[in-house]
Every structure is written in structure tokens, then in C-alpha cells.
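Some notes on the structure that comes next.
None of the figures in this text is laboratory data; all of them are computed from the coordinates on show. Not measured: the values here are computed from a predicted model. FYI the Cβ positions are ideal-geometry reconstructions off the backbone, even for glycines, and counts take in every protein chain you see.
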Amino acid sequence: MLFSSIPFLFYFLPVVLIIYFLVPYSLKNAVLLLSSLFFYGWGESKYVFLMLVVIAVGYVLGLLIGKYRNQKAGKIFLVLAVVIDIAVLGYFKYADFFISNFNAVTGMQVPLLKIALPIGISFFIFQILSYDIDVYRGQVAVQKNPITLAAYVAMFPQLIAGPIVRYIDVEKQLRKREHNPELVAGGIRRFMIGLGKKILLANLLGECCAVFRESSEKTNLFFWMYGIAYMLHIYFDFSGYSDMAIGLGKIFGFHFMENFNYPYISKSITEFWRRWHISLGSWFRDYVYIPLGGNRVSKGRWIFNIFMVWFLTGFWHGAAWNFIIWGLYFVVFLLLEKFWLGKYLERAKVWNHIYVLFFIMISFMIFDAVSMQEAGKNIAGLFGIGTEGFVSMESIYYLKNYLLIFLMAIIGATPLPKKIYEKIMNVPAGRKVVNVMEPIFLAGLFLIITAFLVDGSFNPFLYFRF
Amino acid sequence: MKSKPVNEEKRFIFHRNFVLVLVMGVVLFGLSVYCWLKPEDKFSESERRVLKSFPKLTAETIINGKFMKEFEDYSVDQFPFREEFRTLKAYASYGLLGKKDNNGIYMTEGHLSKIEYPMQISMLDNAAIRMEEIYNLYLRDENSKCYFSIVPDKNFYLAKENGYPAMDYDNLFSYMKEKVDFAKYIDITGLLDLQDYYKTDTHWRQEEIVDVAQFLQKEMVGVSSDTKYEVKEVPVPFYGVYCGQSALSVEPDKLYYLESEALRDCIVTSYDTGKPLPTNIYNMEKVLGHDAYEMFLSGTSALQVIENPKVENQKELIVFRDSFGSSLVPLLVDGYSKITVIDIRYVQSKMLGNLVDFHGQDTLFIYSTIILNNSMSLR
């Protein structure tokens, strides 16, 4: 079920909210779990059982890891947990990738398994894995209540597209959390911003990308429009989803970590990755990079560690070579910045932003491509290679058609709107205006979004495939 | 003294949050309750389509996900105030987001039109193959005189001039002319302009295409008709197909039709069910239906025969046509004692031998650029 859908907004969510706030406190986690299973089952009924098995295994192994934490058996149970989780992920997400590559190398014809990817598997596997690891490390206490643990893993606000919420971050809230109008109102604000980003910006920018893909007259201008539209589309799509998840979390009394912090204002690629998909970056840092030794090792080993993390980051995003290349692409820039470019980027005023935006745009063109050949063609198109001239009537039309959306998206990707809002709130008269206008604005926005859902056809979520 | 501003601030925040939760709660729960309780609508007049009804709920449809998929479609189709929300979306698209079209529909020079772009060579080839098959099966051996004409859609006059994507129409016409080389091509583009089309619909206006009919007759029969028609107005507003698709509040068109003594005497028989069924040139019952344009030859029909007892030349014409032909064919009856009107979107061309006696009749293939560029429906 999509957050940005009529069944979620007008059938599922209101019913869940009523039940959740009516039941006694002791039943709230159970309500959250049951509603999350329904939510997941709506889109993936056959995989609800898989998720429950993954949770059950994580729960039992968590108990055993906790019991034997300082003994050899504890380590064995941890290894078992890691192996099982990675095996499940490997089977459901990567089996066909390995088989097709094996076939390509050996010339054999091992049939593909053609397994449908369970939605959100990369997210819930990482969550249960982090729980078992944290129990082993003694950073969290064992959760003896299976409902509470299952509610944490399956919690619908963040189940299928993150942020990757770590058990350590919500441990206390799972036990005891506050519900008040301030949190609910804050949650509504955040959810509406996310929904608006998704429906009014991401979907329309995605539409622009779809028009480009279908066009038979791909001009130089069109390639640039596509590159810019796609990088904005993926940002608003994913950050919009994260905003909705964080907003829903607040309504239910949880504080999820921020997942984006205006990544497109970064002055370097290194900074970009501190601002983009923060929950994934910190997961790989804490569970892969640091255990490998981080930067407190020899230079060669350190480079290997970085290589490993980015190889896995790329591979996590998808079982295809373009995702691996996309991950490794960043290794080049991160090392370049570390050894040489970083100090110049720090001092620069404008070109550092252009550098970041250009190479991030290229990275997402690799990310979006079906094959590396297509990525190469699209990147070459930016430089006028293989294009149908510089402009055409079609590309000019679509530039005009999406111009305002481009402008809104570019401004929306910066902290400018937030700063303006804060300035207004610092003025007493401004606060009064906001006080009156905010509910009207949000209700109006909600109605417009609903109108786009009622009459819209383009509404995919990119991060569902991860 | 210090606690007063703190309390005021707290009150301010509480009040602000309370109002926000209340307003959003009313909107969310209000619409939600209406979603659950609203009786089902069967048909969308504006979109001219049947709306999805509540899907079948069984263990099987839940396990295979069919119920969920169909429920999503149902929830969108049955959403409360659906028409109003569609209108809101259209105005928000144009006004707030600066879009030039909404779902491909644009408005310019007072006309609504749908972007028809790009030109699809595979579709043109498919249309040409269908026509050639008919020629080879039924016409070639009978030495029928074959004619071919293309009706330009509104975008021919509207799109390029106003900056909307437009097909290369010259290329389309010459491509089709070359492909349909067994028929004599009759170019009617010079006889048409934008005013010959309805403002809210895709079709041309019958009262504006008399010259087109005369020209076609002259090319096919050698002489053109000089019939004087009475122009009659349909007493209800005509909301064309783009009205509903655009979801904008626009002024309706006026629908006129041409009447003459010959037309009144024509005998029209429909063979849609396989059996002859008498009908009329103008079906006034259709005026109050979903699409008033269907009053011309009763709209969609696989096979009709129009006999004109006033013409004694025994000349016969077969017209392969789309919906543009519905308003055109009545204006051709003066040249022929019998016209067989065939729409191969509703009957397979391979079946026509069982339904029509091909014996050397003149044959006109007349299709709009929209159908040629989207010819998968031609069977």
C-alpha cells in the first residue's frame, strides 16, 4: 500500500488512528503490529509470512545472543543471525543476478529463479540485523516481548522505504511513549510536506522523465532536462517518503531519525553523503565500515574499507551492475576529495556546488539506467553526442510545461523555504498570520493532493524496489 | 512577571496545534466516512466510462492480490466529489503548477484538444496493412475504384502554431499516400480550417463540411451535389469528449445537423447484430445520451447500409470509416443509390465477405489522423 494512495489515506489510516488512540496503552504496540501486517499484506500478502519468519528468527537469536553474550556461543548465534538474514536477502533479491552472471561467465544455462522481490526486504532485514548486532554488542537489552520486537520491525510508517530505524533509537519509545496534540500536529505537518513533495513535485518530475524516455526526438536540451528532472525526482520521491514516515511516526509517538538534510546544497560529494539517505549511510558506517577498521588502519586497508562500503551501498540499492558501478563511482570522488580536492572545495564559493550537482546528476543517470549502455548514451547526450539537435519543438514544449515545477523543486531542495518560514515566525504579526493560515493552507494542500490522486496515473515509489 | 509570556507562548502553541489537528481531522475523517458510506456510482458522464464497482472478495482474490489491485481502482473511481476533485486538479495543474496540458488535454484559441504526438510509423503501417488486406480480399478482383482520404485532427490547425507538440502532418500524409497506393488519394486538407471543428470535441462539424463532401463526390462520381440543406439545431448543449477529459468548466458547443428531402427518405439498415435492423440517418435518442455526436448514423456501428430511393443510377459506394465518417457519409448519399458504411474497429475485416456483397462498388477509405496514428483498434 502506498502512503500516497486513496486506500491508505482514506480507508486504512483513519481506521488505524481511531483504533490506536482508543485502545488502552498496553495494546498500542499490538495494534501497530496488526495494522502493519495488514499494510504489508495488502501489497505482498504472500510475503507476510516471510517477514514474520525473519522477525521470529531475529527474536529467538536475539534471546540466545543476549543469554550467551560474553561467551563463544553468543558469537556463534550472532554469526548465525547474520548468515540467515544475508541468505534471505541474497535469495530473494540477488539470486537471479548471481545466476545470470554465472551463466554469462561459464556459458551455462542455469535457469533463473524469477523470484518477485518482497517489498521493503532490504529495509526490514537491515533493521532486524542491527537489533541482533546491538544485542551482541550490549548496546541494547534483549527484547523479550515478541510483539514489541515485531512491532518495531514491521512498523508500517517506515516498513517499506525507511528510514532504517534502529532498535536502539526507538527502544525506549517502544516501551513508553508520549502522545499529545503537539506531536500529532507536528506529525501532520511533516506528513503533509512529504505528501506534497511526493505528489506535486516528485510525480510530476517523474512524468517529465517518462516523457523523455518515450521521446523519439531526444535533443541536447532534453537530455539536460532529464538529468536535472531525475535528480530532483529521486530526491523529492525519497525524501518525501521519509518525511511521511517521520510524520506518521510522530503521530504514533515515535521519533525517527532524519534521513535527508538538503543534500543538493553540499560543497563536496563527501558532504552530500552526510546529507543523503543518512540512515543507510550511518548503518553501513556502524555495521560495516567501523567493524572493518574504519580509517584507523593502513592506507591500503582503509581504501579497501571504503571500497567495500560503497560496493555494498551500490549493491544494496539493486541487483544489477549499474548499481554496483554507481556505488563504486563514489569511491573515486571520495578518495579524490580526501587526498587532494577537498581543501579546494572547502574554500570555493560557486564551482564546488556546480561540481557536486553535476557529478551527482551523472550518478543518478547511471542509477536510473536499465543498462550501462543506456547510461552511457544518456550521459553522452548531455554533451550533444547522439542527440537529435540542440532543441526541438517537443523539448521546448516540455521545458515550458515543467518550468514552474522545476523552479519550485530547485527552491524546495534548498533550506530557503524553511528560513523564510522561520523568519516569519520570529515576527509577532507573522506568527499570527501563520497561526490562521497554516490549517487553511494544509487543508487546501491536502485537497489538491487528493485531487491529483483521484485524477492521477503516475504514482510509483522508487525506493520500493530496494 | 516572566511566566506570563511563557504561558502565552504555550497557549499560542497549544491553540495552533489544536486548530490544525481539528481542521485536518475534519477533512480526513469527513472524506473517509463519506468514502465508506457513499453509494456506488455506475457511470462517469464526463469521462464516458463505466466506473469500477466493489471487487469480488474471496480468499483467492486476496491471496493473488487481485482484490487489492481492484480495490485501489475502485477507491479512485468511487471517491466522493470525484468530478469536483478532477476539476480542482485541472485548475491546479494549469494555474498553480503552470502546466500547459492536463492529461494531454490543452486549451488554446478557445478550443480543447488532445496532444497527438509523436507520429507512430508502426501504427501507420498497421493501418495501411489493414486497408491493403481489404483491397486484396474483396476489391482488387472486382475492379473496384478505390479512393483514400485522410481527415486531419484539430492539432493540424492548432498545435504547432501555439507551441504544442505536433506530428509532421505533411510527412504523415505523404507516407500514407505512398503506402495506400492502390487507392486514389483525395486531399481535403485545403477545404478545412479550425472553425470546422467543435470547440470541445475531436470531431468536425457536419454543417461545415458540405464542401468536403462535394469535393469527394466530384472526385469519385465526376459531379458534385448541389443539394441545399436545412441547418437544424439540436436543442441541447453539446459537451464534447474533451469537456469531460479536461475536467474544466467550459462553454458547450452547439450541435447542428443537415436535413434534406433525400436524407429524410433514405432507408438506413444496421447489421450490427447480424440481422437487419432499421434505423435513421440521425438518431435523436442519442442526443440525450453520453455522446450527442452519436446522433450521426447512431454512432458506433460495424455495418450499416444507406439506400437512397431518389437516386436511380444504381451506383454503389462502400465507405471504410471511423467516427468522422458518421457525419460525412449522409452528405454523400446524393451520388449513390446505396452506401455501405463499414467500421473495422467493430468488425473483423476477414469476416466482411460473409456480410457484404463486394461486386465492384466504388470504395472510399476515409480515416482521421488520430485513428491512423493509433490504429491498433483496426481489425
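Distance distribution P(r), the range A:6-177, all Cα-Cα pairs, bin width 5 angstrom from 0: 1, 8, 15, 18, 17, 14, 10, 7, 4, 2, 1, 0, 0 percent.
Kindly give the semi-axes, whole Å and largest first, of the ellipsoid equivalent to the range A:313-390, taking each as the square root of 5 times a Cα gyration tensor eigenvalue.
Over the Cα atoms of the range A:313-390, the semi-axes work out to 24, 19, 8 Å.
Taking the Cα centre as origin and putting +1 on Lys and Arg beta-carbons and -1 on Asp and Glu beta-carbons, what dipole magnitude results for the protein assembly as shown, to the nearest 20 debye? Mind showing how you got there, number by number?
Details: 84 positive and 81 negative charges, 1268 e Å.
Once rounded to the nearest 20, the dipole reads 6080 debye.
Counting only other chain Cβ atoms within 10 Å of each residue's Cβ, the peptide A:440-452 averages 5.
Rounded to the nearest 0.05, what FRET efficiency is calculated for A:F49 and A:V105 with R0 set to 35 Å and r the Cβ-Cβ distance? Intermediate results must be reported in sequence, preceding the final value.
Details: r = 35 Å, r/R0 = 0.99.
Once rounded, the FRET efficiency stands at 0.50.
Residues of the range A:266-286 falling in the label zone of A:K349, defined by backbone nitrogen less than 19 Å from a point 7 Å along Cα to beta-carbon, are A:266-268. Applying a DSSP loop filter and a limit of 10 other Cβ atoms within 10 Å to the trypsin sites (Lys or Arg not before Pro) in the range B:117-173 leaves nothing. Cα centroid separation, the range B:293-349 to the range A:65-109: 70 Å.
Once you've got the Cα coordinates, tell me which of B:K52/B:K100; B:K154/B:K232; A:K377/A:K400; B:K66/B:K100; B:K52/B:K89; A:K172/A:K349 are over 32 Å apart. In this structure, B:K66/B:K100; A:K172/A:K349 exceed 32 Å between Cα atoms. Each label point was placed 7 Å from the Cα along the Cα-to-Cβ direction; for A:Y25 and B:D211 their separation is 8.4 nm. Within chain A, the selection of entire DSSP H helices by a Cα span of 18 Å or greater along the long axis and an average Kyte-Doolittle value of at least -1.0 returns A:28-44, A:48-67, A:72-89, A:121-137, A:181-196, A:220-251, A:299-317, A:321-336, A:351-368, A:393-412, A:428-454. Listed cross-link partners B:K228/B:K315; B:K218/B:K254; A:K198/B:K199 are compared with a 25 Å cut-off, the Cα-Cα value being larger for B:K218/B:K254; A:K198/B:K199. Between B:D265 and B:L194, the contour length at 0.36 nm per residue exceeds the alpha carbon distance by 22.3 nm. Against the longest alpha carbon principal axis of chain B, how many degrees, from 0 to 90 and to the nearest 10, is the axis of helix B:66-77 turned? The helix B:66-77 is inclined about 90 degrees to chain B.
Rounded, prolate or oblate: which one fits the range A:1-86, using the alpha carbon gyration tensor with axes a ≥ b ≥ c (rounded when a/c is under 1.5, else prolate when a/b beats b/c, else oblate)? It comes out oblate by the Cα gyration axes.
Using Stokes-Einstein with the Kirkwood hydrodynamic radius over Cα pairs, what translational diffusion coefficient do you get for the range A:250-337 at 20 °C and a viscosity of 1.002 mPa s, in µm²/s rounded to a whole number? If you can, show how the numbers build up before the last one.
Details: Rh = 14.0 Å.
For these conditions, the coefficient is 153 µm²/s.
Gain on full extension, evaluated as 0.36 nm per residue between B:E9 and B:E312 minus their Cα-Cα distance, stands at 99.6 nm.
Please work out, to two decimal places, the log10 of the ratio I(q)/I(0) at q = 0.10, 0.13 Å⁻¹ from a Debye calculation in which every Cα of chain B carries one identical scatterer. These q points yield log10 I(q)/I(0) values of -0.75, -1.14. Relative to the longest principal axis of the Cα atoms of chain B, helix B:3-37 runs at roughly 30 degrees.
Coordinate range of the alpha-carbon atoms in the range A:245-286 per principal axis, descending: 36, 24, 9 Å.
Sparse packing (at most 11 other Cβ atoms within 10 Å of the Cβ) combined with a DSSP loop state is found for the following trypsin sites (Lys or Arg not before Pro) in the range B:1-109: B:K2, B:K42, B:K56. Kirkwood radius and radius of gyration were both taken over the C-alpha atoms of the range B:38-80, and their ratio Rg/Rh is 1.04. Between the range B:194-218 and the range A:255-310, how far is it from one alpha carbon centroid to the other, in angstrom? The range B:194-218 and the range A:255-310 have Cα centres spaced 67 Å from each other. Each residue of the range A:364-428 gets 123 Å³ once the volume of the Cα convex hull is shared out per residue. Inter-chain neighbour count for B:89-95: the average number of beta-carbon atoms from partner chains within 10 Å of each residue's beta-carbon is 4. FRET efficiency for the B:K56 to A:L80 pair, using the beta carbon distance and R₀ = 56 Å, is estimated at 0.80. Dividing the helix sum by the residues of the protein assembly as shown, where each DSSP H run of 4 or more adds -39500 (n - 2.57), gives a mean residue ellipticity at 222 nm of -16500 deg cm²/dmol.
Across all Cα atoms of the range A:1-50, the radius of gyration (one decimal) and Dmax (whole number) stand at 11.5, 31 Å.
The orientation-averaged projected area of the convex hull spanned by the Cα atoms of the protein assembly as shown comes to 44.7 nm². Gyration tensor over the Cα atoms of chain A: the corresponding equivalent ellipsoid has semi-axes (square roots of 5 times the eigenvalues, largest first) of 35, 31, 23 Å.
For A:K114, list the aspartates and glutamates whose Cα falls under 12 Å from its own Cα; do not include residues on the same chain fewer than 8 positions away. Within reach: A:D96. About its Cα centre, the dipole of the range B:46-105 is roughly 160 debye, where the only charges are +1 on Lys and Arg Cβ and -1 on Asp and Glu Cβ.
With +1 on each Lys and Arg Cβ and -1 on each Asp and Glu Cβ, and nothing else charged, work out how big the dipole of the range A:6-177 is about its Cα centre, in Debye to the nearest 20. Please report the intermediate quantities before stating the final value.
Values: 15 positive and 7 negative charges, 117 e Å.
Its charge dipole is roughly 560 debye.
Between B:M284 and B:N171, the C-beta separation translates, for a Förster distance of 51 Å, into a calculated FRET efficiency of about 0.80.
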